[in-house]
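The values are calculated or read from the model by the stated rules, or taken from the named source; none is laboratory data. Since the model is a prediction, treat every value here as computed from it, not as a measurement. Every residue, glycine among them, receives a Cβ derived from its backbone with ideal geometry; neighbour counts consider all protein chains shown. Accessible surface areas use protein heavy atoms only, side chains included; no ligands, DNA or RNA. Shrake-Rupley method; radii C 1.70, N 1.55, O 1.52, S 1.80 Å.
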Amino acid sequence: MVSSLRHCRRQRRKLGATVLVACLLLVVAPVAVVCLTWNFSVDAQDTDTDASVSSNQDPPDVWNLKNQRTDLEGSTADAAHQQEPETQETEVPEHAAATTAEQGTTSPTHVTTPEAVDEGEAEQLDRKLDSQEPSQPSVQPEDSSTDQTKTTSEGICSVSSWLDPLCGNHQPQSDSREFSEEDPKQQQSQEAHSSQQQPTTTTTTSEDDAPPVFMIPSFAGTRLRSWSDVECHSGASLTNRAGRQRPFANFRVGGSVWLDIKRLMAHTSCWVNCIKLLPESQEDDLCATRPDEGLDAITQVDEQLPTGFLWKDAIHMLATMGYRPGTSMFAHPYDWRLPPKKMEQRDRSFSRLKSNIERTVREHKQRNPHSPIRGVFLVAFSMGNLFTQYFFRYLQAGLGQKGMEQWVDEHVYALVMAGAPFLGSGSTLESIIVGETAGLPMQKEQARDMMLTWGSMPWMMPTAPLLRNPRHAAMNHGERDLPVQQVRLTTHDGRVFDPPNRDIVKTNGWLGQIGDPRLSSVQNIIDRWYAEDPLFDPDAAREPFVPPKNLIDHVICAYGINVPTPIRLEFEEDKNNAGFYKKTDEVVNNRGDVRSSRTGKRVLPVRQQYATRKSGDGTVDYASLSWCHSWFGKDVVNITRIPANRKYEPDEVERYENVDVLDPKQLSATEKRPHGFNSFYSKQWVDVHPDSGLQRPKSIQVWEFDGITHRDSVTHPLFLRIWKDILGGTTAFSRAYTNARERVMKRMWKEIDDSGTMDGISKNWLLDLSREGTFQNTNGNVPTNDNDCFWNYAEVRCDRPRYCEYQYRVGDVHLSQSCRLRETPLAKDDPRVLLRDAVAYNVSYTVAPDRVEWQTVYRSQDPQFIPPWAQLFLAFLGGAAALAVLLCGACHLYGEQHLFASLETE
């Protein structure tokens with residue numbers, strides 16, 4: 001009994017403590033809710049008050065925008081300075097140094113790059129730009145002054161040193177050079193070897209900012225592969241001494257056809273049949289042969305031969321400059337056996353070139369959005385130039401004249417045409433009449449039988465322009481065409497075919513009148529694949545190609561001269577074997593000495609025996625190569641001449657400015673020593689860049705390399721060195737333009753910020769909309785009565801505080817009833833109007849050439865540790881806990897009373 005009473009007393013003390021705690025919770029919880037709500041409102045008002053600014057200052061978000069833009073520009077500039085060294089050593093352009101153009105050594109000098117310009121120089125440049133007037137395009141008129149002056153290697157270029165070969169801005173070296181009478185080729189190899197041993201520093205460019213280069217190969221310059229399995233029939237030539245079948249005799253899918261020396265030697269007749277075409281349809285005969293892809297298809301024609309092929313040195317030079325395949329260096333292989341119309345029908349060669357260039361230019365613009373280099377370097381060699389000519393006609397036919405001009409202006413930056421047979425080549429006639437092995441282990445008749453089926457042979461046959469071009473004639477001593485007819489053929493019955501040069505390629509021409517079925521097949525190719533081609537009319541084709549030079553920034557024509565070149569071929573049919581011919585004589589032009597190979601006598605009359613007459617490159621005559629001089633029109637040119645294939649003194653370099661080539665006296669004055677010189681003709685002017693309005697240098701250049709053969713037009717070290725300097729100069733110009741643009745844009749943004757013109761963009765609609773709370777207003781209208789005002793439980797105040805406020809009146813049941821209209825709306829910049837969690841804005845933007853894209857993100861300006869909804873939840877949770885404790889205590893008290901009653905009863 002006593003123990004039960006003690007237990008009851010302890011339970012009563014516990015119950016009293018529990019009731020006391022519950023009462024405290026019931027009292028403290030509402031007080032805490034009120035205090036927290038009041039404290040949050042005070043904090044919000046204080047924060048809004050601090051965030052408000054006077055009317056003569058910009059809102060905080062505008063200043064944040066300024067800071068962000070400044071930080072962005074600063075980080076970009078810092079990144080650019082971290083990536084680019086302050087100074088770098090670059091070698092002096094060889095073509096710009098007249099005294100080192102043919103010497104293997106170079107003088108490295110320190111050149112301050114545009115990236116190394118400090119702030120002081122940038123400010124000076126800005127002040128200089130401000131003081132300059134906008135320049136107008138200054139094109140040399142056709143009737144410009146013809147003052148002719150001769151300067152030495154210290155001359156000054158008219159526009160830019162890297163545009164004019166052998167500019168002469170480089171000072172001559174102190175050591176004098178002695179003349180050498182050694183063999184030119186040996187001397188050239190020694191110079192190349194010495195240049196490789198000489199330590200030099202070269203300028204490299206990344207694959208992102210390098211102007212893309214497209215290379216168009218020549219005739220027989222693309223590797224062909226077999227896409228069918230062909231079994232060559234067994235025979236004596238297919239078995240070795242042990243009676244086993246020789247390897248490499250059969251053709252498999254993916255196997256090399258042109259040029260595979262092993263298969264050619266294993267079974268010559270099977271190899272010839274595999275590479276032949278059907279003359280009428282130009283389809284595959286024995287093997288399905290297609291051109292290979294990629295750079296490897298033009299660097300090495302025979303995979304087993306270590307000698308490689310023509311473009312290997314050029315690709316190596318580009319790789320050392322930072323060019324990479326698929327990004328900035330491309331090749332466009334094609335089946336050189338086909339006529340141009342068949343190329344497009346079967347392989348889509350021209351449409352693929354168009355799409356590849358468009359894709360490359362688009363990707364280059366994405367990597368370099370502000371680069372002034374708008375297109376690609378298009379470099380073609382030999383027959384690749386004929387391919388390029390047809391490509392421009394293809395664009396004109398598909399896009400129209402204006403569409404073609406617009407496409408070229410946007411996608412072709414420079415055009416380099418090396419060894420271009422603009423008027424064809426006489427060696428093509430020898431290939432189809434007699435046969436030309438070109439050093440291959442086969443008979444001439446087999447080579448002839450193979451080439452007679454190729455539809456591209458008439459494309460390269462010699463021709464002559466219908467009209468006399470004054471500029472072209474001036475470079476050829478007033479002659480429109482070669483001084484002799486290029487072909488003479490005598491049949492076994494005594495008939496003589498001696499067509500004029502302009503009628504060699506003609507519909508229903510002389511080849512079909514000889515009576516030889518195989519030569520008639522060539523005439524059928526002309527009648528079907530050329531006469532019926534709307535882009536290649538034989539009569540229209542006699543007018544040589546003129547590129548859209550006013551749209552392409554730099555047009556360059558390069559070729560070799562003064563190599564013994566046949567200009568006339570005479571053939572005679574074998575009287576005992578009809579259809580087979582032999583070459584009886586050829587007339588060779590050797591540096592102006594035109595003689596017959598059979599008699600050794602001169603064939604030209606005395607009045608045409610010019611000492612200054614130039615010969616071709618050994619394959620193409622000078623009249624065909626020099627057609628690109630007609631691109632100058634009637635304008636004067638600058639001429640630079642340096643000794644070729646030997647060492648020379650600085651004073652031997654000749655430079656003539658403003659030479660009127662149409663004046664025989666001025667032209668003869670520049671050719672006092674006609675042979676043994678590399679001649680460079682250039683016309684330069686400055687246009688206005690269509691996008692930026694800045695100066696846009698343009699040029700037309702003709703390079704004549706003395707003693708260089710046709711094959712070496714793209715492999716000669718001097719050609720590669722000049723080409724390298726042009727590419728390096730283009731990259732330097734692009735970088736300088738980009739850096740200047742960044743400085744100008746930075747100064748422009750600073751001027752805009754100082755002027756305050758950006759205030760209206762953010763203050764009038766971004767800030768006002770957020771302050772007015774229109775996003776919380778469902779109907780988007782301004783509240784007009786008390787019913788439009790309601791309580792915002794998330795912000796613990798009346799919504800739209802500019803128009804509504806908390807006004808408690810007796811009888812209000814809930815908080816929204818206490819939200820009523822103000823007598824007068826608050827001002828927009830009133831601190832009570834600003835949202836409690838509204839903010840200085842975090843603004844991101846993207847600057848485009850024609851617009852500024854904004855993106856506004858709201859962030860908390862003064863975040864609370866516990867948000868209001870959490871505070872309310874905790875308060876209600878505390879009240880519920882207090883009620884639960886009271887209920888438990890009441891139940892426990894009732895149980896004890898029942899216990900006491902039972903004990904008293906007992």
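Just to be sure I understand, how many residues within region 467-501 are in contact with a Lys or Arg (Cβ under 6 Å, 6 or more places away or on another chain) and of a type outside the set (A, V, I, L, M, F, W, C)?
Our first condition is that a residue be in contact with a Lys or Arg (Cβ under 6 Å, 6 or more places away or on another chain); within region 467-501, this holds for 468, 473, 480, 484, 486, 492, 498.
The next check asks that each one be of a type outside the set (A, V, I, L, M, F, W, C); those that pass are 468, 480, 486, 492, 498.
Selection size over region 467-501: 5.
When Gly403 is tested against (1) out of contact with any helix residue (DSSP H, G or I) (no Cβ under 6 Å at 6 or more places or on another chain); (2) buried (at least 21 other Cβ atoms within 10 Å of the Cβ); (3) assigned to a helix (DSSP H, G or I), just one condition goes unmet, and that condition is (2). Taking region 654-690 as the range and being touching a Leu at 6+ places or on another chain (Cβ under 7 Å) and not in a strand (DSSP E or B) as the test, only Val661 passes.
Note on region 590-617: among residues that are more than 23 Å from Arg468 (Cβ to Cβ) and crowded, with 18+ Cβ neighbours inside 10 Å, the one that is nearest to the chain's Cα centre (by Cα) is Asp617. Within region 323-360, track down each residue that is open to solvent by 10 Å² or more (accessible area, probe 1.4 Å) and over 14 Å from Glu293 (Cβ atoms). Result: Arg324, Thr327, Lys341, Lys342, Glu344, Gln345, Arg346, Ser351, Lys354, Ser355, Glu358, Arg359.
For residues that are of a type in the set (Gly, Ala, Ser) and farther than 18 Å from Val620 by Cα, scanning just region 546-589, find the one that is least open to solvent (accessible area, probe 1.4 Å). So, considering only residues that are of a type in the set (Gly, Ala, Ser) and farther than 18 Å from Val620 by Cα, the one least open to solvent (accessible area, probe 1.4 Å) is Gly579. Just one of the listed residues (Leu815, Leu835) is modelled with pLDDT of 80 or more and either crowded, with 18+ Cβ neighbours inside 10 Å or under 30 Å from Ala870 (Cβ atoms) (or both), namely Leu815. Within region 729-752, the presence of at least one residue that is at pLDDT 80 or above, within 30 Å of Lys647 (Cα to Cα) and surrounded by 13 or more Cβ atoms within 10 Å (Cβ to Cβ) is confirmed.
Each residue in region 467-492 was checked for being within 19 Å of Val434 (Cβ to Cβ) and without any contact (Cβ under 8 Å) to a residue 24 or more places away in the chain, and 0 of them qualify. For region 458-487, the tally of residues that are more than 18 Å from Arg568 (Cα to Cα) and of a type in the set (A, V, I, L, M, F, W, C) stands at 6. Apart from one condition, Leu718 fits all of (1) outside any helix (DSSP H, G or I); (2) closer than 21 Å to Thr640 by Cα; the exception is (1).
Of the strands (runs of 3 or more DSSP E) lying entirely inside region 513-612, the ones with 3 or more residues being within 30 Å of Glu405 (Cβ to Cβ) are found at 554-561.
Any idea which of Ala397, Ala438, Ala418, Ala414 is out of contact with any Cys (no Cβ under 7 Å at 6 or more places or on another chain), closer than 25 Å to Lys354 by Cα, open to solvent by 50 Å² or more (accessible area, probe 1.4 Å) and in contact (Cβ under 8 Å) with a residue 60 or more places away in the chain?
On the way: Ala438 fails: closer than 25 Å to Lys354 by Cα; Ala418 fails: open to solvent by 50 Å² or more (accessible area, probe 1.4 Å); Ala414 fails: open to solvent by 50 Å² or more (accessible area, probe 1.4 Å).
Ala397 is the lone residue from the list that is out of contact with any Cys (no Cβ under 7 Å at 6 or more places or on another chain), closer than 25 Å to Lys354 by Cα, open to solvent by 50 Å² or more (accessible area, probe 1.4 Å) and in contact (Cβ under 8 Å) with a residue 60 or more places away in the chain.
Among what's in region 293-311 and is of a type outside the set (Asp, Glu) and modelled with pLDDT of 85 or more, pick the residue that is surrounded by the most Cβ atoms within 10 Å (Cβ to Cβ). Taking the candidates together, the pick is Ile298. Within region 484-496, being open to solvent by less than 40 Å² (accessible area, probe 1.4 Å) and either closer than 30 Å to Leu667 by Cα or in a loop (DSSP other than H, G, I, E, B) (or both) holds for Val484, Gln486, Thr491. Can you confirm whether region 623-641 contains a residue that is surrounded by 22 or more Cβ atoms within 10 Å (Cβ to Cβ), under 19 Å from Ala464 (Cα atoms), touching a Phe, Trp or Tyr at 6+ places or on another chain (Cβ under 6 Å) and not aliphatic (A, V, I, L, M)? So far as region 623-641 goes, yes, one or more of its residues are surrounded by 22 or more Cβ atoms within 10 Å (Cβ to Cβ), under 19 Å from Ala464 (Cα atoms), touching a Phe, Trp or Tyr at 6+ places or on another chain (Cβ under 6 Å) and not aliphatic (A, V, I, L, M).
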